Amino acid sequence: MSGYLSMFFETIFGFFALFLITKILGKSQINQITPFDFISALLLGELVGNALFDEKAGIPEIAFVVAVYGTLLYGTEIITQKFKGTRHLIEGNPAIVIYNGKLIRDTMKKNKLDLNQLQHLLRTKDIFSLQEVEFGILEANGTISVMKKSDYQTPSRKDMKLSPHDVSLPTTLVNDGEIIYDNLKEKNLTEEWLIEKLKEQGYDHLEEIFYVEYVKNTDLLVHPILNRNHQKWDLD
């Protein structure tokens with residue numbers, strides 16, 4: 001019985017200790033944390049959890065572990081605030097993955113981001129076509145910030161008192177240089193038709209293509225393979 005009572009008090013203490021550390025670190029929203037913060041939080045919880053089931057560890061030992069690790073995390077936060085040069089190492093930097101409406105393949109690969117993941121991130125911003133995007137920035141916490149092309153920014157058609165028109169969901173026909181045959185079949189299209197349309201836009205080889213998007217009654221949206229090659233961005 002005394003063992004359960006001890007674990008009860010240790011659990012209560014561990015709960016409040018982690019709560020206090022969270023408040024000290026000042027994380028108000030879960031989507032603000034960087035990968036380093038996330039792993040640190042998991043590790044801190046694991047340390048407390050292991051201490052609860054260690055017969056030799058009591059409240060003083062748990063307090064010590066939480067205090068030491070919390071101090072390290074807090075110290076890291078102070079360092080990144082005072083020394084800007086450390087932010088890249090600890091927090092990471094945002095990366096431009098869409099520049100002037102074009103996908104930047106090598107930046108995406110460097111950040112382990114494939115087209116399916118990018119499309120998912122864009123859909124969370126209510127963007128269902130890459131045609132709408134002028135700039136896309138992958139943030140350090142894994143979210144994406146988007147600047148739409150001027151044609152897709154507010155005011156909306158309703159604001160301008162224009163008549164509504166049919167909306168079609170874009171379909172990916174080429175993903176990272178590979179034809180998505182299931183999508184072609186779903187839209188009653190053929191590989192020959194796709195190749196011919198690409199030639200009309202000046203692309204003779206599929207190896208040149210990174211992404212192709214299809215919307216009925218509009219021209220194909222084609223993104224050729226484009227690598228940054230460490231060139232500086234001109235955002236003016």
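Based on what the data block shows, is E192 among the charged types (D, E, K, R) and either in contact with a Pro (Cβ under 6 Å, 6 or more places away or on another chain) or in contact (Cβ under 8 Å) with a residue 60 or more places away in the chain (or both)?
So E192 fails the test.
Name the residue that is least open to solvent (accessible area, probe 1.4 Å), counting only residues in region 93-115 that are closer than 17 Å to P224 by Cα and out of contact with any strand residue (DSSP E or B) (no Cβ under 7 Å at 6 or more places or on another chain).
This residue is D106.
Would you mention how many residues in region 122-153 are closer than 18 Å to P170 by Cα and in contact (Cβ under 8 Å) with a residue 40 or more places away in the chain?
Here is the first cut: in region 122-153, the residues closer than 18 Å to P170 by Cα are 122-134, 148-149, 151-152.
Filter once more, keeping what is in contact (Cβ under 8 Å) with a residue 40 or more places away in the chain: 128-131, 149.
Here the count works out to 5.
Quick check: is even one residue across region 184-191 modelled with pLDDT under 90 and among the aliphatic types (A, V, I, L, M)? First the steps, then the outcome.
If we filter region 184-191 for residues that are modelled with pLDDT under 90, which is where we start, we get 186.
With among the aliphatic types (A, V, I, L, M) added as a condition, the list becomes none.
Taking every residue of region 184-191 in turn, none turns out to be modelled with pLDDT under 90 and among the aliphatic types (A, V, I, L, M).
If L72 satisfies every condition in (1) open to solvent by 90 Å² or more (accessible area, probe 1.4 Å); (2) at pLDDT 70 or above; (3) part of a loop (DSSP other than H, G, I, E, B); (4) not hydroxyl-bearing (S, T, Y) but one, which is the exception?
(3)
Does region 81-103 contain any residue that is assigned to a helix (DSSP H, G or I), under 30 Å from L173 (Cα atoms), of a type in the set (D, E, K, R) and at pLDDT 90 or above? Write out each step before concluding.
Taking region 81-103 first, the residues assigned to a helix (DSSP H, G or I) are 81-82, 84-90.
Then drop every residue that is not under 30 Å from L173 (Cα atoms), which leaves none.
Checked against the condition, which is being assigned to a helix (DSSP H, G or I), under 30 Å from L173 (Cα atoms), of a type in the set (D, E, K, R) and at pLDDT 90 or above, region 81-103 yields no hits at all.
Just wondering, is there one or more residues in region 153-166 that are open to solvent by 100 Å² or more (accessible area, probe 1.4 Å), over 24 Å from N93 (Cα atoms) and hydrophobic (A, V, I, L, M, F, W, C)?
Here is the first cut: in region 153-166, the residues open to solvent by 100 Å² or more (accessible area, probe 1.4 Å) are 154, 157-158, 160-161, 164-166.
Still in the running and over 24 Å from N93 (Cα atoms): 154, 157-158, 160-161, 164-166.
Checking the rest, the ones that are also hydrophobic (A, V, I, L, M, F, W, C) come to 160.
Looking for residues that are open to solvent by 100 Å² or more (accessible area, probe 1.4 Å), over 24 Å from N93 (Cα atoms) and hydrophobic (A, V, I, L, M, F, W, C), one finds at least one in region 153-166, hence yes.
The values are calculated or read from the model by the stated rules, or taken from the named source; none is laboratory data. Being a predicted model, the structure only gives us computed values, none of them experimental. Glycine also receives a Cβ, built like all others from the backbone with ideal geometry; neighbour counts cover every protein chain displayed. Calculation scope for accessible area: heavy atoms of the full protein, side chains included, ligands and nucleic acids excluded. Shrake-Rupley method; radii C 1.70, N 1.55, O 1.52, S 1.80 Å.
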